[in-house]
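J.: This is the structure I want to talk about, given as C-alpha coordinates.
The values are calculated or read from the model by the stated rules, or taken from the named source; none is laboratory data. Since this is a predicted model, take the numbers as computed values, not measurements. Because the Cβ atoms are built from the backbone with ideal geometry, glycine has one as well, and the counts that use them run over all protein chains shown. Each accessible area value is taken on the protein alone, full model and side chains, heavy atoms only, with ligands, DNA and RNA left out. Shrake-Rupley method; radii C 1.70, N 1.55, O 1.52, S 1.80 Å.
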Amino acid sequence: MARSTTLYSCQGCGATAPKWAGKCDACGAWNSLVEERVEKQTGKGAKSTGRSIDLTPLSDAPSAQKVMRLATGMAEFDRVTGGGLVPGSALLIGGDPGIGKSTLLLQLVTKLAAAGRNTAYITGEESADQVRMRAARLGVASVPAGLATATNAADIAETVRKDTTLDLVVIDSIQTMYLPGLDSAPGTVSQVRASAHELIRAAKVSNAAVIFVGHVTKDGAIAGPRVLEHMVDAVLYFEGDRSHHFRLLRGVKNRFGATDEIGVFEMSQTGLQEVANPSQLFLADRKNAVPGTAVFGGMEGTRPLLVEIEALVAPSSLASPRRNVVGWDSSRLAMLTAVLEARCGVPLSGRDIFLNVAGGLRIQEPAADLAVAAALISSVNARPLPERALFFGEIALSSEIRQVPQADARLKEAAKLGFERGFMPPVRNKGTVPSSLSVSQPETLSEFIDMLGGIV
Ligand code: TYD
Ligand code: MG
(Lines give C-alpha, C1' and ligand atoms only; values in the text may rest on other atoms or scores of the structure.)
(Ligands and ions follow the chains in the order given, each with its own letter.)
Protein backbone atom coordinates (compact mmCIF):
# COMPACT_ATOMS: atom_id res chain seq x y z
CA MET A 1 0.00 0.00 0.00
CA ALA A 2 1.30 3.48 -0.80
CA ARG A 3 1.12 6.10 1.92
CA SER A 4 2.12 9.64 1.27
CA THR A 5 4.13 11.58 3.79
CA THR A 6 5.50 15.07 3.93
CA LEU A 7 9.22 15.68 3.91
CA TYR A 8 11.22 18.87 3.78
CA SER A 9 14.08 18.76 1.34
CA CYS A 10 16.92 21.22 0.95
CA GLN A 11 16.98 22.80 -2.52
CA GLY A 12 20.70 23.24 -2.22
CA CYS A 13 22.04 19.83 -1.29
CA GLY A 14 19.04 17.51 -1.51
CA ALA A 15 19.11 16.49 2.17
CA THR A 16 15.72 15.73 3.71
CA ALA A 17 14.34 16.53 7.15
CA PRO A 18 11.08 15.46 8.81
CA LYS A 19 10.44 18.97 10.11
CA TRP A 20 10.82 22.40 8.63
CA ALA A 21 13.77 24.42 9.85
CA GLY A 22 15.25 27.76 8.86
CA LYS A 23 18.64 26.25 8.22
CA CYS A 24 19.60 23.01 6.50
CA ASP A 25 21.49 20.76 8.91
CA ALA A 26 23.46 19.13 6.13
CA CYS A 27 24.83 22.05 4.14
CA GLY A 28 24.09 25.03 6.36
CA ALA A 29 22.06 26.90 3.71
CA TRP A 30 19.39 29.24 5.08
CA ASN A 31 15.77 29.10 4.03
CA SER A 32 16.34 26.28 1.59
CA LEU A 33 13.90 23.66 2.93
CA VAL A 34 10.80 23.14 0.81
CA GLU A 35 7.87 20.90 1.63
CA GLU A 36 7.51 17.89 -0.65
CA ARG A 37 5.22 14.90 -0.62
CA VAL A 38 6.65 11.43 -1.06
CA GLU A 39 4.90 8.16 -1.64
CA LYS A 40 6.04 5.50 0.76
CA GLN A 41 5.53 1.79 0.23
CA THR A 42 4.20 0.09 3.32
CA GLY A 43 2.85 -3.36 4.13
CA LYS A 44 3.33 -6.19 1.68
CA GLY A 45 4.61 -4.15 -1.25
CA ALA A 46 7.51 -2.84 0.79
CA LYS A 47 9.13 -6.25 1.06
CA SER A 48 12.24 -6.92 -0.92
CA THR A 49 11.34 -8.57 -4.22
CA GLY A 50 14.80 -8.52 -5.81
CA ARG A 51 16.01 -11.06 -8.29
CA SER A 52 19.62 -12.03 -8.75
CA ILE A 53 21.45 -10.27 -11.55
CA ASP A 54 23.92 -11.64 -14.08
CA LEU A 55 27.55 -10.67 -13.84
CA THR A 56 29.54 -10.44 -17.05
CA PRO A 57 33.34 -10.31 -17.42
CA LEU A 58 34.82 -6.82 -17.50
CA SER A 59 37.11 -7.99 -20.27
CA ASP A 60 34.21 -8.42 -22.70
CA ALA A 61 34.48 -6.01 -25.64
CA PRO A 62 32.05 -3.09 -25.39
CA SER A 63 29.26 -3.30 -27.93
CA ALA A 64 30.15 -1.28 -30.99
CA GLN A 65 27.04 0.88 -30.80
CA LYS A 66 27.88 2.25 -27.35
CA VAL A 67 31.31 3.61 -28.19
CA MET A 68 30.22 5.14 -31.45
CA ARG A 69 30.04 8.88 -31.12
CA LEU A 70 27.91 11.39 -32.87
CA ALA A 71 30.22 14.19 -33.99
CA THR A 72 28.16 17.36 -33.98
CA GLY A 73 30.23 19.24 -36.53
CA MET A 74 30.61 22.04 -33.98
CA ALA A 75 34.33 21.55 -33.34
CA GLU A 76 34.45 23.51 -30.08
CA PHE A 77 31.56 21.49 -28.65
CA ASP A 78 33.08 18.20 -29.76
CA ARG A 79 36.37 19.16 -28.17
CA VAL A 80 34.77 19.66 -24.75
CA THR A 81 32.66 16.51 -24.89
CA GLY A 82 35.69 14.49 -25.92
CA GLY A 83 34.73 13.84 -29.53
CA GLY A 84 30.98 14.26 -29.80
CA LEU A 85 27.80 13.00 -28.21
CA VAL A 86 27.51 9.43 -27.02
CA PRO A 87 24.16 7.88 -28.02
CA GLY A 88 22.00 7.14 -24.99
CA SER A 89 24.01 9.46 -22.74
CA ALA A 90 22.83 12.46 -20.76
CA LEU A 91 24.59 15.78 -20.59
CA LEU A 92 23.90 18.79 -18.39
CA ILE A 93 24.78 22.35 -19.38
CA GLY A 94 24.70 24.99 -16.66
CA GLY A 95 25.24 28.71 -16.89
CA ASP A 96 24.04 32.14 -15.84
CA PRO A 97 20.80 33.43 -17.32
CA GLY A 98 21.30 35.13 -20.67
CA ILE A 99 24.76 33.71 -21.22
CA GLY A 100 23.61 31.89 -24.37
CA LYS A 101 22.71 28.31 -23.40
CA SER A 102 19.51 28.27 -25.43
CA THR A 103 21.27 29.86 -28.38
CA LEU A 104 24.09 27.31 -28.26
CA LEU A 105 21.75 24.35 -28.08
CA LEU A 106 19.42 25.61 -30.78
CA GLN A 107 22.47 25.99 -33.01
CA LEU A 108 23.59 22.47 -32.11
CA VAL A 109 20.17 20.94 -32.80
CA THR A 110 19.82 22.70 -36.14
CA LYS A 111 23.38 21.92 -37.17
CA LEU A 112 22.76 18.20 -36.65
CA ALA A 113 19.36 18.38 -38.29
CA ALA A 114 20.88 20.07 -41.33
CA ALA A 115 23.30 17.15 -41.52
CA GLY A 116 20.38 14.75 -41.75
CA ARG A 117 20.02 13.77 -38.09
CA ASN A 118 16.75 13.49 -36.24
CA THR A 119 16.86 16.08 -33.46
CA ALA A 120 14.36 17.74 -31.17
CA TYR A 121 14.43 20.94 -29.15
CA ILE A 122 11.95 20.93 -26.29
CA THR A 123 11.51 24.12 -24.35
CA GLY A 124 9.58 24.89 -21.23
CA GLU A 125 10.83 28.45 -21.06
CA GLU A 126 9.91 30.07 -24.32
CA SER A 127 7.02 29.92 -26.75
CA ALA A 128 7.42 28.19 -30.10
CA ASP A 129 7.29 31.58 -31.80
CA GLN A 130 10.10 32.92 -29.67
CA VAL A 131 12.23 29.95 -30.64
CA ARG A 132 11.29 30.41 -34.31
CA MET A 133 12.26 34.07 -34.15
CA ARG A 134 15.58 33.13 -32.66
CA ALA A 135 16.08 30.48 -35.35
CA ALA A 136 15.37 33.11 -38.00
CA ARG A 137 17.98 35.36 -36.42
CA LEU A 138 20.46 32.52 -36.47
CA GLY A 139 19.65 31.85 -40.13
CA VAL A 140 18.46 28.30 -39.48
CA ALA A 141 14.68 28.77 -39.66
CA SER A 142 14.21 26.30 -42.52
CA VAL A 143 16.14 23.43 -40.93
CA PRO A 144 13.97 20.31 -40.31
CA ALA A 145 14.55 20.00 -36.55
CA GLY A 146 11.67 19.06 -34.25
CA LEU A 147 10.38 21.75 -31.91
CA ALA A 148 7.97 21.49 -28.99
CA THR A 149 6.96 23.54 -26.02
CA ALA A 150 6.24 21.14 -23.20
CA THR A 151 6.86 20.79 -19.50
CA ASN A 152 5.36 17.39 -18.76
CA ALA A 153 8.34 15.06 -18.48
CA ALA A 154 6.16 11.95 -18.75
CA ASP A 155 4.80 13.11 -22.12
CA ILE A 156 8.24 14.00 -23.37
CA ALA A 157 9.67 10.67 -22.20
CA GLU A 158 6.91 8.79 -24.01
CA THR A 159 7.58 10.74 -27.21
CA VAL A 160 11.29 10.00 -26.98
CA ARG A 161 10.68 6.32 -26.27
CA LYS A 162 8.44 5.98 -29.32
CA ASP A 163 10.70 7.77 -31.77
CA THR A 164 13.63 5.39 -31.92
CA THR A 165 15.26 7.30 -34.76
CA LEU A 166 15.94 10.31 -32.52
CA ASP A 167 19.62 11.21 -32.24
CA LEU A 168 19.45 14.18 -29.89
CA VAL A 169 16.87 15.70 -27.56
CA VAL A 170 17.47 19.03 -25.88
CA ILE A 171 15.47 19.85 -22.75
CA ASP A 172 15.49 23.57 -21.98
CA SER A 173 15.44 23.61 -18.96
CA ILE A 174 15.20 20.74 -16.50
CA GLN A 175 13.89 23.12 -13.81
CA THR A 176 10.72 23.73 -15.81
CA MET A 177 9.91 20.02 -16.18
CA TYR A 178 7.54 18.12 -13.91
CA LEU A 179 6.05 14.67 -13.48
CA PRO A 180 2.29 14.81 -12.88
CA GLY A 181 2.52 11.93 -10.39
CA LEU A 182 4.43 14.06 -7.92
CA ASP A 183 2.86 16.72 -5.76
CA SER A 184 5.71 19.18 -5.52
CA ALA A 185 6.21 22.15 -7.80
CA PRO A 186 8.52 22.16 -10.87
CA GLY A 187 12.07 23.08 -9.96
CA THR A 188 12.00 21.39 -6.55
CA VAL A 189 14.47 18.67 -5.72
CA SER A 190 12.11 15.75 -6.15
CA GLN A 191 10.63 17.06 -9.41
CA VAL A 192 14.01 17.79 -10.98
CA ARG A 193 15.35 14.43 -9.89
CA ALA A 194 12.34 12.43 -11.00
CA SER A 195 11.89 14.25 -14.33
CA ALA A 196 15.56 13.87 -15.17
CA HIS A 197 15.43 10.21 -14.25
CA GLU A 198 12.41 9.60 -16.45
CA LEU A 199 13.92 11.43 -19.41
CA ILE A 200 17.30 9.73 -19.09
CA ARG A 201 15.62 6.33 -19.06
CA ALA A 202 13.60 7.17 -22.14
CA ALA A 203 16.72 8.41 -23.94
CA LYS A 204 18.47 5.13 -23.13
CA VAL A 205 15.57 3.18 -24.65
CA SER A 206 15.65 5.03 -27.96
CA ASN A 207 19.45 5.44 -27.82
CA ALA A 208 19.26 9.20 -28.23
CA ALA A 209 21.60 11.63 -26.52
CA VAL A 210 19.80 14.00 -24.18
CA ILE A 211 21.05 17.44 -23.18
CA PHE A 212 19.55 19.22 -20.17
CA VAL A 213 19.87 22.92 -19.59
CA GLY A 214 20.29 23.63 -15.88
CA HIS A 215 19.81 26.96 -14.14
CA VAL A 216 22.53 28.07 -11.79
CA THR A 217 22.08 29.70 -8.41
CA LYS A 218 23.72 32.97 -7.54
CA ASP A 219 26.81 31.18 -6.21
CA GLY A 220 27.23 29.51 -9.60
CA ALA A 221 26.15 25.96 -8.72
CA ILE A 222 23.50 24.21 -10.78
CA ALA A 223 20.19 24.87 -9.07
CA GLY A 224 18.35 21.99 -7.50
CA PRO A 225 19.92 18.89 -6.16
CA ARG A 226 23.51 17.95 -6.58
CA VAL A 227 22.09 14.52 -7.50
CA LEU A 228 21.34 15.85 -10.95
CA GLU A 229 25.05 16.20 -11.53
CA HIS A 230 25.51 12.60 -10.40
CA MET A 231 22.77 11.31 -12.67
CA VAL A 232 24.16 12.62 -15.94
CA ASP A 233 27.23 11.42 -17.80
CA ALA A 234 28.74 14.83 -18.39
CA VAL A 235 28.38 18.28 -16.87
CA LEU A 236 29.44 21.36 -18.81
CA TYR A 237 29.36 24.98 -17.76
CA PHE A 238 28.78 27.74 -20.22
CA GLU A 239 30.39 30.84 -18.83
CA GLY A 240 31.70 34.24 -19.69
CA ASP A 241 31.50 37.83 -18.67
CA ARG A 242 28.27 39.38 -19.91
CA SER A 243 30.08 42.60 -20.78
CA HIS A 244 32.43 40.71 -23.07
CA HIS A 245 31.32 38.83 -26.11
CA PHE A 246 33.29 35.63 -25.75
CA ARG A 247 31.94 32.55 -23.99
CA LEU A 248 33.66 29.46 -22.67
CA LEU A 249 32.24 25.97 -22.55
CA ARG A 250 34.02 24.10 -19.81
CA GLY A 251 33.75 20.45 -18.83
CA VAL A 252 33.53 19.73 -15.10
CA LYS A 253 32.54 16.08 -15.32
CA ASN A 254 32.77 13.70 -18.24
CA ARG A 255 32.38 9.96 -18.12
CA PHE A 256 33.60 9.65 -21.70
CA GLY A 257 36.56 12.00 -21.87
CA ALA A 258 38.82 14.51 -20.18
CA THR A 259 37.38 17.47 -18.28
CA ASP A 260 40.15 19.97 -18.77
CA GLU A 261 39.15 21.10 -22.23
CA ILE A 262 37.42 24.35 -23.09
CA GLY A 263 35.48 25.41 -26.12
CA VAL A 264 35.61 29.07 -27.06
CA PHE A 265 32.72 30.92 -28.72
CA GLU A 266 32.02 34.50 -29.58
CA MET A 267 28.49 35.91 -29.28
CA SER A 268 27.62 37.86 -32.40
CA GLN A 269 24.53 39.35 -33.99
CA THR A 270 23.88 36.02 -35.66
CA GLY A 271 24.49 33.70 -32.73
CA LEU A 272 27.56 32.00 -31.36
CA GLN A 273 30.59 31.73 -33.60
CA GLU A 274 33.28 29.20 -32.87
CA VAL A 275 36.71 30.62 -32.13
CA ALA A 276 39.38 28.30 -33.43
CA ASN A 277 42.29 30.45 -32.31
CA PRO A 278 41.41 31.99 -28.92
CA SER A 279 44.84 33.52 -28.25
CA GLN A 280 44.27 35.88 -31.16
CA LEU A 281 40.94 36.92 -29.67
CA PHE A 282 42.35 37.60 -26.21
CA LEU A 283 45.31 39.55 -27.53
CA ALA A 284 43.34 41.44 -30.17
CA ASP A 285 43.17 44.77 -28.31
CA ARG A 286 46.72 44.62 -27.06
CA LYS A 287 48.94 47.63 -27.57
CA ASN A 288 52.62 47.17 -27.06
CA ALA A 289 54.82 49.22 -24.76
CA VAL A 290 52.32 49.91 -21.97
CA PRO A 291 53.81 49.65 -18.46
CA GLY A 292 52.11 47.07 -16.27
CA THR A 293 51.02 44.62 -18.95
CA ALA A 294 52.43 41.16 -19.54
CA VAL A 295 51.35 38.27 -21.76
CA PHE A 296 50.85 34.99 -19.97
CA GLY A 297 51.36 31.74 -21.86
CA GLY A 298 48.53 29.72 -20.34
CA MET A 299 47.05 26.32 -21.00
CA GLU A 300 43.42 25.27 -20.94
CA GLY A 301 43.45 21.51 -21.13
CA THR A 302 45.58 20.55 -24.07
CA ARG A 303 45.19 23.92 -25.67
CA PRO A 304 47.54 26.86 -25.24
CA LEU A 305 45.86 30.17 -24.52
CA LEU A 306 47.75 33.45 -24.46
CA VAL A 307 46.17 36.19 -22.37
CA GLU A 308 47.18 39.63 -21.26
CA ILE A 309 47.56 40.46 -17.59
CA GLU A 310 47.36 44.09 -16.48
CA ALA A 311 48.60 45.43 -13.18
CA LEU A 312 48.51 48.89 -11.65
CA VAL A 313 50.49 49.70 -8.54
CA ALA A 314 49.56 53.13 -7.18
CA PRO A 315 50.25 55.07 -3.98
CA SER A 316 47.48 54.50 -1.45
CA SER A 317 45.83 56.88 0.96
CA LEU A 318 44.23 54.04 2.89
CA ALA A 319 45.52 52.43 6.10
CA SER A 320 45.11 49.02 4.53
CA PRO A 321 45.74 49.44 0.82
CA ARG A 322 43.41 48.03 -1.77
CA ARG A 323 44.09 44.71 -3.48
CA ASN A 324 41.63 44.38 -6.34
CA VAL A 325 41.82 41.26 -8.46
CA VAL A 326 39.69 40.35 -11.45
CA GLY A 327 40.19 36.95 -13.08
CA TRP A 328 42.82 35.61 -10.71
CA ASP A 329 43.01 34.28 -7.17
CA SER A 330 43.41 37.09 -4.64
CA SER A 331 45.17 34.90 -2.07
CA ARG A 332 47.67 33.94 -4.75
CA LEU A 333 48.29 37.65 -5.33
CA ALA A 334 48.82 38.16 -1.59
CA MET A 335 51.42 35.41 -1.61
CA LEU A 336 53.15 36.79 -4.65
CA THR A 337 53.33 40.35 -3.27
CA ALA A 338 54.78 38.96 -0.04
CA VAL A 339 57.48 37.10 -1.95
CA LEU A 340 58.25 40.16 -4.10
CA GLU A 341 58.50 42.35 -1.03
CA ALA A 342 60.28 40.03 1.42
CA ARG A 343 62.65 38.22 -0.94
CA CYS A 344 63.32 40.76 -3.65
CA GLY A 345 62.76 44.13 -1.95
CA VAL A 346 60.08 45.34 -4.37
CA PRO A 347 58.25 48.18 -2.56
CA LEU A 348 54.58 47.16 -2.58
CA SER A 349 53.33 47.74 0.97
CA GLY A 350 51.42 50.97 1.38
CA ARG A 351 50.38 50.86 -2.27
CA ASP A 352 47.12 49.92 -3.92
CA ILE A 353 47.35 47.00 -6.33
CA PHE A 354 44.88 46.38 -9.12
CA LEU A 355 45.19 43.27 -11.20
CA ASN A 356 43.08 42.37 -14.20
CA VAL A 357 43.04 39.53 -16.67
CA ALA A 358 42.05 40.99 -20.02
CA GLY A 359 38.91 39.85 -21.79
CA GLY A 360 37.13 38.71 -18.63
CA LEU A 361 38.91 35.38 -18.57
CA ARG A 362 39.56 33.54 -15.29
CA ILE A 363 42.98 32.02 -14.81
CA GLN A 364 43.40 29.09 -12.44
CA GLU A 365 46.93 27.96 -13.19
CA PRO A 366 49.80 28.72 -10.79
CA ALA A 367 51.89 29.08 -13.95
CA ALA A 368 50.57 32.65 -14.18
CA ASP A 369 52.74 33.71 -11.21
CA LEU A 370 55.65 34.84 -13.35
CA ALA A 371 53.45 36.86 -15.71
CA VAL A 372 51.71 38.56 -12.77
CA ALA A 373 55.08 39.32 -11.17
CA ALA A 374 56.30 40.77 -14.48
CA ALA A 375 53.23 43.01 -14.75
CA LEU A 376 53.64 44.21 -11.14
CA ILE A 377 57.35 44.94 -11.59
CA SER A 378 56.67 46.76 -14.83
CA SER A 379 54.03 48.90 -13.14
CA VAL A 380 56.25 49.70 -10.14
CA ASN A 381 59.01 50.76 -12.53
CA ALA A 382 56.58 52.56 -14.87
CA ARG A 383 58.54 50.93 -17.65
CA PRO A 384 57.14 48.56 -20.25
CA LEU A 385 58.31 44.97 -20.44
CA PRO A 386 60.34 43.76 -23.44
CA GLU A 387 58.20 43.78 -26.58
CA ARG A 388 56.62 40.60 -27.90
CA ALA A 389 57.57 38.69 -24.75
CA LEU A 390 55.77 35.78 -23.13
CA PHE A 391 55.86 34.80 -19.44
CA PHE A 392 55.01 31.66 -17.53
CA GLY A 393 56.29 29.88 -14.42
CA GLU A 394 55.20 29.10 -10.91
CA ILE A 395 56.85 31.03 -8.08
CA ALA A 396 57.66 29.27 -4.81
CA LEU A 397 57.69 30.97 -1.39
CA SER A 398 61.48 30.74 -1.55
CA SER A 399 61.24 32.92 -4.72
CA GLU A 400 62.46 30.03 -6.83
CA ILE A 401 60.85 29.73 -10.24
CA ARG A 402 59.34 26.31 -10.71
CA GLN A 403 58.62 24.21 -13.75
CA VAL A 404 55.14 24.06 -15.22
CA PRO A 405 53.66 21.43 -17.50
CA GLN A 406 53.52 21.68 -21.29
CA ALA A 407 56.18 24.36 -21.72
CA ASP A 408 56.70 23.42 -25.36
CA ALA A 409 53.03 23.84 -26.28
CA ARG A 410 53.04 27.33 -24.73
CA LEU A 411 56.20 28.32 -26.60
CA LYS A 412 54.93 26.93 -29.89
CA GLU A 413 51.71 28.97 -29.64
CA ALA A 414 53.74 32.11 -28.85
CA ALA A 415 56.02 31.54 -31.83
CA LYS A 416 52.97 31.08 -34.04
CA LEU A 417 51.63 34.47 -32.94
CA GLY A 418 54.89 36.27 -33.62
CA PHE A 419 56.36 36.45 -30.12
CA GLU A 420 60.14 36.77 -29.96
CA ARG A 421 61.07 36.36 -26.32
CA GLY A 422 60.09 33.90 -23.63
CA PHE A 423 60.66 34.06 -19.88
CA MET A 424 60.16 30.64 -18.36
CA PRO A 425 61.45 28.28 -15.67
CA PRO A 426 64.63 26.30 -16.27
CA VAL A 427 63.79 23.00 -17.97
CA ARG A 428 65.93 19.93 -18.22
CA ASN A 429 65.90 19.45 -21.99
CA LYS A 430 65.94 22.59 -24.07
CA GLY A 431 65.31 20.85 -27.36
CA THR A 432 61.70 22.03 -27.57
CA VAL A 433 62.16 25.79 -28.02
CA PRO A 434 61.08 27.12 -31.45
CA SER A 435 63.95 28.77 -33.30
CA SER A 436 62.18 32.15 -33.63
CA LEU A 437 62.06 32.58 -29.83
CA SER A 438 64.92 33.63 -27.61
CA VAL A 439 64.30 32.17 -24.20
CA SER A 440 65.48 33.33 -20.77
CA GLN A 441 65.24 30.94 -17.85
CA PRO A 442 65.77 32.67 -14.51
CA GLU A 443 66.12 30.38 -11.50
CA THR A 444 64.82 32.85 -8.93
CA LEU A 445 62.59 35.88 -8.89
CA SER A 446 65.56 38.16 -8.08
CA GLU A 447 67.38 36.89 -11.15
CA PHE A 448 64.23 37.55 -13.19
CA ILE A 449 64.02 41.14 -11.88
CA ASP A 450 67.67 41.69 -12.83
CA MET A 451 66.90 40.44 -16.35
CA LEU A 452 64.20 43.11 -16.60
CA GLY A 453 66.68 45.77 -15.56
CA GLY A 454 66.13 45.78 -11.77
CA ILE A 455 63.84 48.00 -9.71
CA VAL A 456 64.26 51.69 -10.42
P1 TYD B 1 20.08 32.84 -24.43
O2 TYD B 1 20.54 31.77 -25.33
O3 TYD B 1 18.64 33.15 -24.38
O4 TYD B 1 20.63 32.65 -22.96
P5 TYD B 1 20.23 31.56 -21.86
O6 TYD B 1 19.45 30.50 -22.51
O7 TYD B 1 21.57 31.10 -21.35
O8 TYD B 1 19.49 32.29 -20.81
O9 TYD B 1 20.93 34.12 -24.87
C10 TYD B 1 20.42 35.37 -24.77
C11 TYD B 1 21.44 36.43 -25.00
O12 TYD B 1 22.20 36.25 -26.15
C13 TYD B 1 20.68 37.70 -25.15
O14 TYD B 1 21.12 38.58 -24.15
C15 TYD B 1 20.98 38.18 -26.52
C16 TYD B 1 22.17 37.42 -26.95
N17 TYD B 1 22.15 37.03 -28.37
C18 TYD B 1 22.99 37.65 -29.26
O19 TYD B 1 23.77 38.54 -28.91
N20 TYD B 1 22.99 37.26 -30.59
C21 TYD B 1 22.15 36.29 -31.04
O22 TYD B 1 22.18 35.95 -32.23
C23 TYD B 1 21.26 35.66 -30.10
C24 TYD B 1 20.31 34.59 -30.54
C25 TYD B 1 21.30 36.05 -28.79
MG1 MG C 1 17.46 29.99 -22.17
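J.: Checking the conditions here, which among V86, V67 is at pLDDT 85 or above and either away from ligand 2 (no atom under 16 Å from the Cβ) or out of contact with any Lys or Arg (no Cβ under 6 Å at 6 or more places or on another chain) (or both)?
T.: Values: V67 fails: at pLDDT 85 or above.
Going through V86, V67 in turn, the sole match is V86.
J.: Now a separate question. Would you check if there is a residue in the stretch 33-47 being in a loop (DSSP other than H, G, I, E, B) and at pLDDT 85 or above? Talk me through it step by step, then tell me what you get.
T.: Restricting attention to the stretch 33-47, the residues satisfying the condition of being in a loop (DSSP other than H, G, I, E, B) are 42, 47.
Cutting the leftovers down to at pLDDT 85 or above gives us none.
Within the stretch 33-47, not a single residue is in a loop (DSSP other than H, G, I, E, B) and at pLDDT 85 or above.
J.: Across the stretch 168-190, what is the total count of residues that are more than 16 Å from ligand 2 (Cβ to nearest atom) and modelled with pLDDT under 90?
T.: Residues meeting the conditions: 8.
J.: Then there is this: Between a first residue in the stretch 98-127 that is assigned by TED's automatic domain parsing to the domain that holds R250 and of a type in the set (A, V, I, L, M) and a second residue that is in a helix (DSSP H, G or I) and within 16 Å of ligand 2 (Cβ to nearest atom), which pairs have beta carbons less than 7 Å apart while being 6 or more apart in sequence or on different chains?
T.: Hits for this filter: L106/V131; L106/R134; L106/A135; L106/L138.
J.: Which residues, taken from the stretch 153-172, are in contact with a strand residue (DSSP E or B) (Cβ under 7 Å, 6 or more places away or on another chain) and either open to solvent by 80 Å² or more (accessible area, probe 1.4 Å) or in a strand (DSSP E or B) (or both)?
T.: To start, the set of residues in the stretch 153-172 that are in contact with a strand residue (DSSP E or B) (Cβ under 7 Å, 6 or more places away or on another chain) comprises 153, 156, 160, 166-172.
Passing the criteria: L168, V169, V170, I171, D172.
J.: Looking at L361, L411, L437, which one is within 22 Å of L333 (Cβ to Cβ) and of a type in the set (A, V, I, L, M, F, W, C)?
T.: Working: L411 fails: within 22 Å of L333 (Cβ to Cβ); L437 fails: within 22 Å of L333 (Cβ to Cβ).
Just one listed residue meets the conditions, L361.
J.: In this structure, does G83 turn out to be small (G, A, S), more than 16 Å from ligand 1 (Cβ to nearest atom) and assigned by TED's automatic domain parsing to the domain that holds E239?
T.: On the way: small (G, A, S): yes; more than 16 Å from ligand 1 (Cβ to nearest atom): yes; assigned by TED's automatic domain parsing to the domain that holds E239: yes.
So G83 fits the description; yes.
J.: Somewhere in the stretch 257-273, is a residue in contact (Cβ under 8 Å) with a residue 40 or more places away in the chain, open to solvent by less than 20 Å² (accessible area, probe 1.4 Å), under 25 Å from R421 (Cα atoms) and not hydrophobic (A, V, I, L, M, F, W, C)?
T.: no
J.: Take the residues in the stretch 246-284 that are closer than 21 Å to F296 by Cβ and in a loop (DSSP other than H, G, I, E, B), then tell me which one is nearest to ligand 2 (Cβ to nearest atom).
T.: V275
J.: Return the residue satisfying two criteria in turn: it lies in the stretch 285-299 and is part of a strand (DSSP E or B) and of a type in the set (A, V, I, L, M, F, W, C), and of such residues it is farthest from the chain's Cα centre (by Cα). Walk me through it before giving the result.
T.: Filtering the stretch 285-299 for residues part of a strand (DSSP E or B) gives 293-299.
Of the ones still in play, those that are also of a type in the set (A, V, I, L, M, F, W, C) are 294-296, 299.
Values: A294: 25, V295: 23, F296: 20, M299: 14 Å.
By that ranking, first place goes to A294.
J.: Take P186 and decide whether it is assigned to a loop (DSSP other than H, G, I, E, B), closer than 17 Å to V213 by Cβ, touching a strand residue (DSSP E or B) at 6+ places or on another chain (Cβ under 7 Å) and in contact (Cβ under 8 Å) with a residue 12 or more places away in the chain.
T.: Working: assigned to a loop (DSSP other than H, G, I, E, B): yes; closer than 17 Å to V213 by Cβ: yes; touching a strand residue (DSSP E or B) at 6+ places or on another chain (Cβ under 7 Å): yes; in contact (Cβ under 8 Å) with a residue 12 or more places away in the chain: yes.
For P186, the condition - assigned to a loop (DSSP other than H, G, I, E, B), closer than 17 Å to V213 by Cβ, touching a strand residue (DSSP E or B) at 6+ places or on another chain (Cβ under 7 Å) and in contact (Cβ under 8 Å) with a residue 12 or more places away in the chain - is met.
J.: What is the one condition in (1) within 16 Å of ligand 1 (Cβ to nearest atom); (2) of a type outside the set (D, E, K, R); (3) open to solvent by 40 Å² or more (accessible area, probe 1.4 Å) that H197 does not satisfy?
T.: Going through (1) within 16 Å of ligand 1 (Cβ to nearest atom); (2) of a type outside the set (D, E, K, R); (3) open to solvent by 40 Å² or more (accessible area, probe 1.4 Å) one by one, H197 breaks only (1).
J.: Something else now. Hey, could you check the stretch 107-128 for residues that are open to solvent by 10 Å² or more (accessible area, probe 1.4 Å) and within 15 Å of ligand 2 (Cβ to nearest atom) and say which is nearest to A202 (Cα to Cα)?
T.: I122
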